[in-house]
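Every number here is computed from the coordinates shown, using simple stated rules; none is lab data. Just so you know, these numbers come straight off a predicted model, no measurement behind them. Heads up, the Cβs are rebuilt from the backbone with ideal geometry, glycines too, and the neighbour counts pull from every protein chain shown.
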Amino acid sequence: MNTRPTDNAFARIDAVSAEMQGKIIDYLDVVAGHPEMQRVRTAASAIFAPSEGERLLDAGCGAGEVARELGAQVGGTGAVFAVDRSQQAVAVAQARHDGGPVTYLAGDVTALDFPDDQFDGVRCERVMQHLADPDAAITELARVTRPGGRVCVIDTDWASSVGDGFDHLDEVVSSFFTGHSAATAGRSVRSRMVRSGLRETSVLPVTLRFLSPADAEVVAPIFSRALMREHLSEELFDRFFSSVDRSADRGDFLYAFTMWISLGHVALT
Ligand SMILES: C[S@@+](CC[C@H](N)C(=O)[O-])C[C@H]1O[C@@H](n2cnc3c(N)ncnc32)[C@H](O)[C@@H]1O
């Protein structure tokens, strides 16, 4: 039995079983707590730079912990909207509400139910990799941001995966992410921002590193045996995980991938 949500499950959380929905929320919590992911979020927070009194949006908010942090940063004179396509994610985020100035709503990042120029800043973390049309999402994030406001998008780039101490990583990455925009989601955000008319774009790549397969599995789906058993050929599965196991036994396992924090500004009119 697979104990980890598939990547597709994040595109449509409400369409999977109640049991899998619970696993998805648990998984989001575990990933959010991983020190390497916290390093990414700390860097993203410094770049997004929320300040008191601002009106902000967290698009694809998941369980809402970042929205709650934003709520504390904007304070009582500000406002944060936390939107997710999944009613289940919104219900969990709402249940964890801590009394800050955060409003939780169901909504689609590619068709947001907000008028133009609504927000001083918009952030969107690990959502692009699950979308069929990331360009539509970036255009929509820019639309709801006021002139001079900023859009910050944080996403994963699985094709940046590198390893040492074990073999067959490239084959596994390309097998699992075949035809999947997730493979290059992170690196492609800046060009999407430029195409959507955002100005003064900047990027910060942050490389996450893991020194054991068990640690890597927390964040990287390709190290989940349960998930990979469903996606890789038996031959590649055996070849890959035997190599990973030998590396773990020797203590020389190393895996890293890059997440990209991209920032763009809406032109002043
Ligand atoms: C990997 S989770 C990341 C959640 C959160 N941003 C975080 O960093 O913990 C991806 C989230 O994107 C949401 N999502 C997927 N497609 C979406 C869409 N079209 N519009 C809004 N949210 C979407 C999912 O429901 C899920 O909560």
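Find, among the trypsin sites (Lys or Arg not before Pro) in the range 1-110, those assigned to loop by DSSP (not H, G, I, E, B) with at most 16 other beta-carbon atoms within 10 angstrom.
When the trypsin sites (Lys or Arg not before Pro) of the range 1-110 are filtered for loop state and at most 16 Cβ neighbours within 10 Å, Arg12, Arg96 remain.
Please work out how much length the chain gains when fully extended from Arg39 to Gln87, using 0.36 nm per residue of separation minus the C-alpha to C-alpha distance, in nm with one decimal.
14.4 nm
Under 15 Å from a label point 7 Å along Cα→Cβ of Arg250: give me every residue in the range 204-223 with its amide N that close.
So the set is 212-213.
With 10 angstrom as the radius, rank Arg239, Arg126, Arg250 by how many other C-beta atoms surround their C-beta, starting from the fewest.
If I rank by nearby Cβ atoms, fewest first, I get Arg250, Arg239, Arg126.
Nearest 5 is fine: what % of DSSP beta bridges in the chain come out antiparallel, could you say?
55
Would you compute, from DSSP H runs of 4+ residues alone, the mean residue ellipticity of the chain at 222 nm, taking -39500 (n - 2.57) per run and dividing by the full residue count, rounded to the nearest 500?
-12000 deg cm²/dmol
Scan the range 186-269 for GluC sites (Glu not before Pro) in coil per DSSP, keeping those whose Cβ has at most 10 other Cβ atoms within 10 Å, and list them by number.
Listed in order of number, the matching sites amount to none.
For the range 79-139, rounded, prolate or oblate, judged on the Cα gyration tensor with a ≥ b ≥ c (square roots of eigenvalues), a/c < 1.5 rounded, else prolate if a/b > b/c?
oblate
Share of antiparallel DSSP beta bridges in the range 56-191, in percent to the nearest 5?
Bridges in the range 56-191 that DSSP calls antiparallel: roughly 5 percent.
Can you put Glu52, Glu125 in order, fewest other beta carbons within 10 Å first?
Ascending Cβ contact count within 10 Å gives the list Glu52, Glu125.
Suppose a student asked you for the relative contact order of the chain, using Cα pairs under 8 Å spaced at least 6 residues apart; what percent would you report?
Value for the chain: 20 percent.
For the residue pair Ala46 and Ala11, what label-to-label distance in nm results when each label sits 7 Å from Cα along the Cα-to-beta-carbon direction?
Distance between label points: 3.5 nm.
Could you list log10 I(q)/I(0) for the chain at q = 0.10, 0.16, 0.17 Å⁻¹, which the Debye formula gives when each Cα is one point scatterer?
At q = 0.10, 0.16, 0.17 Å⁻¹ the computed log10 ratios are -0.51, -1.22, -1.35.
Taking the Cβ of each residue in Thr77, Thr269, Thr207, Thr258 as the centre, tally the other Cβ atoms inside 10 Å and list the residues starting with the fewest.
The most exposed by this proxy come first: Thr269, Thr77, Thr207, Thr258.
Give, in nm to one decimal, the length gained when the segment between Thr178 and Arg209 is fully stretched (0.36 nm per residue of separation minus the Cα-Cα distance).
Extending this stretch completely gives an extra 8.8 nm.
For the chain, take the longest principal axis of its alpha carbons; what is the angle in degrees between that and the long axis of helix 65-74, to the nearest 10 within 0 to 90?
Approximately 30 degrees, to the nearest ten.
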